[in-house]
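Working notes for the structure below.
The values are calculated or read from the model by the stated rules, or taken from the named source; none is laboratory data. Note that the coordinates shown come from a computational prediction; the quantities given were computed from them, not determined experimentally. All Cβ positions, glycine included, derive from the backbone under ideal geometry; neighbour counts span all protein chains shown. Ligands, DNA and RNA are stripped out before the accessible areas are found, and what is left, the full protein with its side chains, is counted by its heavy atoms. Shrake-Rupley method; radii C 1.70, N 1.55, O 1.52, S 1.80 Å.
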Amino acid sequence: MARLLGAPAGSIAFVKNTTEGLNIASHALDLAPGDNIVITDMEHRANLWVWDHWREKGCEIRCVQNRDGRLPVEAFMEKIDEKTRVVATAWVTYRNGYRVDLKALGTICRERGARLVVDAVQGAGLINTPLPELDADFISIGGHKHLLGLTGTGVLYMRPELVSQAKTGIT
């Protein structure tokens, strides 16, 4: 699977679906009251549920509004500030197939100290881009779509530099 996705083997974990991978990613991060999480209004419910419970733990959820069905990087920048710890988005939206510029968004997230968590179920296996080139910290993919796997299969990619930090909580 790592070879297929163009990623180092040690950066891939098998999960049962996209939601499970996103949930693991959300709990690997060292989130605290006062932090904020940026999502978009074009997410599948799976990428909303895993972040919504952080409200109860004192985190603010901010929502990027699409612009005529698009999610330009500038729209994310309007929501990201010094308290943003996570930006969670789909690579390719399920609503209309819009492809988020993850490379640019990943650069912005790293410059501002935020982690980029991506739901890639609509793009992986269809768009031939090695996962490390997407510049995301975590990428979750259900195997049942373009990876042509069975329901109940999937993978979670973690940027290799973060693997050793995952045991103690990624900051």
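Numerical summary
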{"item": "Heavy-atom accessible area ranking, 1.4 Å probe, most first, across Tyr94, Tyr157", "result": "Tyr94, Tyr157"}
{"item": "Å² per residue, accessible surface of segment 1-106 at 1.4 Å", "result": "50"}
{"item": "Residues Arg45 and Lys83, FRET efficiency given R0 of 22 Å [Cβ-Cβ distance, rounded to 0.05]", "result": "0.30"}
{"item": "Relative contact order of segment 16-171, defined on C-alpha pairs under 8 angstrom at six or more residues apart (%)", "result": "27"}
{"item": "Of Lys83/Lys145; Lys83/Lys103; Lys79/Lys103; Lys57/Lys79, those spanning more than 27 Å from alpha-carbon to alpha-carbon", "result": "Lys83/Lys145"}
{"item": "Charge tally in the Cβ shell below 15 Å around Arg112, where Lys, Arg are +1 and Asp, Glu are -1, Arg112 excluded", "result": "-2"}
{"item": "Proximal charge balance of Arg99 [Cβ under 13 Å; K/R count +1, D/E count -1]", "result": "+1"}
{"item": "(1) 100; (2) 168; (3) 130, with the label sought being that of the calculated volume of the Cα convex hull per residue in Å³", "result": "(1)"}
{"item": "Partners for Lys16 among aspartates and glutamates (Cα-Cα distance below 16 Å; same-chain residues under 8 apart left out)", "result": "Asp119"}
{"item": "Residue-averaged 222 nm ellipticity for the chain, from DSSP H runs of 4+ at -39500 (n - 2.57), nearest 500", "result": "-6000 deg cm²/dmol"}
{"item": "Gyration tensor (alpha-carbon) shape descriptor, segment 1-94, a/c threshold 1.5", "result": "oblate"}
{"item": "Total formal charge among the other residues, if their Cβ is under 15 angstrom from that of Met42, Lys/Arg +1 and Asp/Glu -1", "result": "+2"}
{"item": "Heavy-atom accessible surface of the chain: percent carbon and sulfur, 1.4 Å", "result": "51"}
{"item": "Linear extension gain, Glu133 paired with Ala2, 0.36 nm per residue minus alpha-carbon span", "result": "45.8 nm"}
